[in-house]
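J.: I have a structure here, written as structure tokens, and I will follow up with some questions on it.
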Amino acid sequence: MLARLGRYEVDELLARGGMGEVYRGRLVAEHGFVRPIVVKVIRTELIADERAALMFIDEARIAAGLHHRNILQIVDFDRFEDGAFIVTELVEGCDLRVFLTQLRAAPRYDLAVTIITELATGLDAAHEATASDGAPLNLVHRDVSPSNVLLGRRGEIKLSDFGVAKARLRSYHTVSGTIKGKAPYMAPEQILGEPVDRRADVFSLGVLLFEVTTRTRLYSAKGDANAMKQILDGEVPDLAERRPGYPPELAAIVRKALARDVDQRYPTARALADDLEAVARQRKWNLSCAAVGDLVRVLEERAQRGAA
């Protein structure tokens, strides 16, 4: 395992995937300054692949220009020997996929709505981002899915991994018609290889809203082909069947976010967040990031006791 990368000390391997490895580490400086960080390393052999290298660089460059509480912050980018790495802030907690797996039942509506409202707020900031010349970046994440949503013990709710994002200033452009993202969370136009805009991310948020509020999968986990067919067919089951007593005004928001026709969808993530906040006020739900953090800690402690 790596021991050091530049000025960063590497402590433990967190994950290994197709693009490389993710490590927990520390920035150690003079006078006892220590900052915990995460280091994402691109696999050495992929550096020779210009396309893979440019995608990695794009992720660092695009995300580094986004400054919002709900977007994972890029701290640094550098090369080492034959590889390259991105340094991000550390979020102590879990991703949304693990969060939902560890729950024994669907979370309270206020907690679920808090998570999606915060994500929508972060996405809206990304969609509205501009380049140094003031021109819109026209950024679309294209991979808003549970593994890319980080939930922290202190109530952090952050979207990560802009590796397949579409933006005006990308160095690497995917071939027209190429599908990028995870099938069960893709918008219909994304599956069809058609041009996408911010409303594709709104659709993905709709899938997450369905899943977080019911703790059930919306689209098939039995294969990408099944999930794609369900999405293209516009299948959205009755939410009250998945969770009895499901608030009808919240169900209406889910269905609008998941509209098969892109023009019938929420035009922006901000519009989706506004409607969620309106329902929360109507239902007297307290949207609290701190309460989400409390639940993350409870789930972690329960998991630790189970492993003991």
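J.: When the residues of the range 130-144 are filtered to those that are within 16 Å of V196 (Cβ to Cβ) and among the hydrophobic types (A, V, I, L, M, F, W, C), which remaining residue is surrounded by the fewest Cβ atoms within 10 Å (Cβ to Cβ)?
T.: L137
J.: When the residues of the range 115-138 are narrowed to those that are modelled with pLDDT of 90 or more and of a type in the set (A, V, I, L, M, F, W, C), which ends up farthest from the chain's Cα centre (by Cα)?
T.: A129
J.: State whether the residues of the range 265-286 include one that is assigned to a loop (DSSP other than H, G, I, E, B), of a type in the set (A, V, I, L, M) and either surrounded by 18 or more Cβ atoms within 10 Å (Cβ to Cβ) or touching a helix residue (DSSP H, G or I) at 6+ places or on another chain (Cβ under 8 Å) (or both).
T.: No.
J.: Which residue out of E249, E235 is loosely packed, with under 15 Cβ neighbours inside 10 Å, more than 21 Å from the chain's Cα centre (by Cα), outside any helix (DSSP H, G or I) and not aliphatic (A, V, I, L, M)?
T.: E235
J.: Kindly list the number of the only condition in (1) in contact with a helix residue (DSSP H, G or I) (Cβ under 7 Å, 6 or more places away or on another chain); (2) crowded, with 17+ Cβ neighbours inside 10 Å; (3) in a helix (DSSP H, G or I) that fails for A303.
T.: The one condition A303 does not meet is (2).
J.: So how many residues does the range 214-250 have that are touching a Lys or Arg at 6+ places or on another chain (Cβ under 7 Å), at pLDDT 95 or above and either on the phi > 0 side of the Ramachandran plot or among the β-branched types (V, I, T) (or both)?
T.: 2
J.: Another one. Are any residues in the range 200-232 assigned to a loop (DSSP other than H, G, I, E, B), among the basic types (K, R) and free of Cβ contacts under 8 Å to residues at least 24 places away in the same chain, and if so, which ones?
T.: K222
J.: Evaluate the following for E241: is it free of Cβ contacts under 8 Å to residues at least 12 places away in the same chain, under 24 Å from K158 (Cα atoms) and surrounded by fewer than 17 Cβ atoms within 10 Å (Cβ to Cβ)?
T.: For E241, the condition - free of Cβ contacts under 8 Å to residues at least 12 places away in the same chain, under 24 Å from K158 (Cα atoms) and surrounded by fewer than 17 Cβ atoms within 10 Å (Cβ to Cβ) - is not met.
The values are calculated or read from the model by the stated rules, or taken from the named source; none is laboratory data. Bear in mind the structure is a predicted one, so any value in this text is a computation, not a measurement. A quick note on method: Cβ atoms are made from the backbone with ideal geometry, for glycine too, and the neighbour counts reach across all protein chains shown.
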